[in-house]
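Asks: Structure in structure tokens, see below.
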Amino acid sequence: MVKLSVIVPFYNVQTYAPDTLRSLRANAREDFEFILVDDCSTDGTADILRRAEDEIPGVVVRRHKQNGGLATARNTGLDAARGEYLAFLDGDDWLAPGFYAELLARTEVLGCDFVRTDHVQVEGRSRTVHRVPHGRRGEVMDPRDAILPAERSTSVDYPYAWAGLYHRRLLDRGLLHFTDGLRTAEDRPWIWRLHREADSFAVLGLLGIFYRRGVASSLTQIGDVRQLDFIRSFDQVIRETAEDRDAQVLLPKAVRTYCAIISHHMSSIERFEPAVARTLKSMSAAALKRMPQQVLDDALDSMDVQRATLLRRLRRRPAAAGAKEVSAA
């Protein structure tokens, strides 16, 4: 019986993959499996993973014939996973020794559908602890109760799939797969769906995940068209939340978060390629027009003047013909 399956996508991270793999070795157990998904890397990553199959207990390697992005790579791992519990890790991050055994032990005591954990953000020599924005620790709760309030950061604003552990029953219910092909913000519809539809969760103040920021090859550092998938991602959040039984209560949070993300990208628009920047403006304008307008008005009224003014001006912008909603299919 496999107790834990850890899904780790890799794409062109030959510089960092050895650190990740060493940390997996330091977490190995006879009932753990590590599913390493090579998303069609073009550097030396594939060779590193081949060696890992022979050197690290429990390693299983899956390879894509073409690059599909993080969401698709995670889905490949989910389809191969045999564990009672599932976890995620990114191919340029790493773990403290024995972290998964401790996380699993604490989760089994709680008996809930999933747990969320704090993490350490690493940028160069800097280390910063980032905590789940939820004050009650080690207590099983209804995940829906952790979505609100709309005006404050909550658990759905901490979307990192690797910061947690998930029982297999969520996979069996269809709640753990990601929207195929999303290149960024792939975890936003995912975390919202978990909090709307899972039955129980808890937060653990357990540190042991080291999240590497500022990596030059990371999509968050690259201002190309793939970044615009955040619109497809949040369109899905809005659409699915609008179908929820508590849509009237939850939509203000979803709309406000979408607005905050649009504002964030617009405030750093200079990092995008010129053509992508123009597309960002037109697609964002169209997205604002698609949102429930009264809910949007209320959200803008509650935001600071600078962001509200930027978004109102953007909403008045004529939407280009190609800026219609991107399908989540």
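The values are calculated or read from the model by the stated rules, or taken from the named source; none is laboratory data. As the structure is a computational prediction, the values presented were derived from the model and not from experiment. Backbone-built Cβ (ideal geometry, glycine too); neighbour counts: all protein chains shown. Quick note on the areas: whole protein, heavy atoms, side chains included, nothing else; ligands and nucleic acids left out. Shrake-Rupley method; radii C 1.70, N 1.55, O 1.52, S 1.80 Å.
Asks: So what is the calculated 222 nm ellipticity per residue for the chain, using -39500 (n - 2.57) for each DSSP H run with n of 4 or more, over all residues, to the nearest 500 deg cm²/dmol? All intermediate terms of the calculation are to be shown ahead of the outcome.
Replies: Working: 11 runs with 133 residues, N = 329.
The per-residue figure over the chain is -12500 deg cm²/dmol.
Asks: With a 1.4 Å probe and all protein chains left in place, how much of the accessible area of the chain comes from carbon and sulfur atoms, in whole percent? List each step's numbers first, then the result.
Replies: Details: 6830 of 14210 Å².
Reported share for carbon and sulfur atoms: 48 percent.
Asks: May I pose another question? Expressed as a fraction of 2.2 N^0.38 Å, the rule-of-thumb size for a compact globular protein of N residues, what is the C-alpha radius of gyration of the stretch 21-164?
Replies: Ratio of Cα Rg to 2.2 N^0.38 Å: 1.15.
Asks: Show the residues, 5+ positions off or on another chain, whose built amide H is closer than 5 Å to the amide H of Val60.
Replies: Phe34, Ile35, Leu36
Asks: What's the angle, to the nearest 10 degrees (0 to 90), between helix 70-80's Cα axis and the longest principal axis of the chain?
Replies: Taking the Cα atoms of the chain, the angle to 70-80 is about 40 degrees.
Asks: Then there's this: If a paramagnetic tag sat 7 Å from the Cα of Ala101 along the Cα-Cβ line, which residues of the stretch 14-50 would have the backbone N under 15 Å from that point?
Replies: Of the residues in the stretch 14-50, 23-33 have backbone N under 15 Å from the label point off Ala101.
Asks: Under the definition of Cα pairs under 8 Å and six or more residues apart, what whole-number percent is the relative contact order of the chain?
Replies: 17
Asks: Could you give log10 I(q)/I(0) at q = 0.10 Å⁻¹ for the stretch 32-110, computed by the Debye formula over C-alpha point scatterers of equal weight, without solvent?
Replies: Relative scattering, expressed as log10 I(q)/I(0), comes to -0.26.
Asks: With equal scatterers on the alpha carbons only and no solvent term, can you work out the Debye log10 of I(q)/I(0) for the stretch 185-279 at 0.12, 0.15, 0.16 1/Å?
Replies: -0.52, -0.77, -0.85
Asks: What FRET efficiency comes out for Val140 versus Arg316 if R0 is 51 angstrom and r is the Cβ-Cβ distance? Round to the nearest 0.05.
Replies: Details: r = 47 Å, r/R0 = 0.91.
It comes to 0.65.
Asks: Hey, with R₀ at 35 Å, roughly what FRET efficiency would Gln293 and His264 work out to, going by the Cβ-Cβ distance, to 0.05? Walk me through the intermediate numbers first.
Replies: Numbers: r = 22 Å, r/R0 = 0.62.
Using R0 = 35 Å, I get an efficiency of 0.95.
Asks: In units of 2.2 N^0.38 Å, what is the alpha-carbon radius of gyration of the chain?
Replies: Numbers: Rg = 19.9 Å, N = 329, 2.2 N^0.38 = 19.9 Å.
Scaled against compact globular proteins, the figure is 1.00.
Asks: Rounded to the nearest 5, what % of DSSP beta bridges with both residues in the chain are antiparallel?
Replies: On the way: 13 of 36 bridges.
Given both bridge residues lie in the chain, the antiparallel proportion sits at roughly 35 percent.
Asks: Right, here's the next one. Per residue, how much accessible surface does the chain expose to a 1.4 Å probe? Answer in Å², no decimals.
Replies: Details: 14210 Å² over 329 residues.
Normalised by residue count, the accessible surface of the chain is 43 Å².
Asks: Here is a further query. Taking the Cα centre of the chain as the origin, how large is its charge dipole in debye, to the nearest 20, when only Lys and Arg (+1) and Asp and Glu (-1) carry charge on their Cβ atoms? Don't skip to the end; give the middle numbers.
Replies: On the way: 47 positive and 46 negative charges, 213 e Å.
About 1020 debye.
Asks: Going highest first, how would you order 170-181, 187-198, 56-67, 121-132 by mean Cβ packing within 10 Å? Before the final figure, lay out each step's value.
Replies: On the way: 170-181: 16.5, 187-198: 21.8, 56-67: 14.8, 121-132: 12.6.
Packing order, densest peptide first, comes out as 187-198, 170-181, 56-67, 121-132.
Asks: Sum up the lysine pairs in the chain that clear both bars: alpha-carbon distance under 25 Å and a spacing of 8 or more or different chains. Walk me through the numbers on the way to the answer.
Replies: Working: Lys253/Lys281; Lys253/Lys289; Lys253/Lys324; Lys281/Lys289; Lys281/Lys324; Lys289/Lys324.
Step by step, the pairs that qualify in the chain add up to 6.
Asks: How much space per residue, in cubic angstrom, does the convex hull of the C-alpha atoms of the stretch 115-168 take up? Write down the numbers at each step before the final one.
Replies: Values: hull volume 5.6 nm³, N = 54.
Per-residue hull volume (Cα only) is 104 Å³.
Asks: Same structure, new question: Which of the peptides 149-155, 91-97 is most tightly packed, and how do the rest follow, judged by the mean count of other Cβ atoms within 10 Å per residue? Write down the numbers at each step before the final one.
Replies: Working: 149-155: 14.6, 91-97: 21.1.
The peptides rank, most packed first, as 91-97, 149-155.
Asks: Nearest 10 degrees, 0 to 90: what angle lies between the long axis of helix 99-110 and the longest principal axis of the chain (Cα atoms)?
Replies: That works out to roughly 70 degrees.
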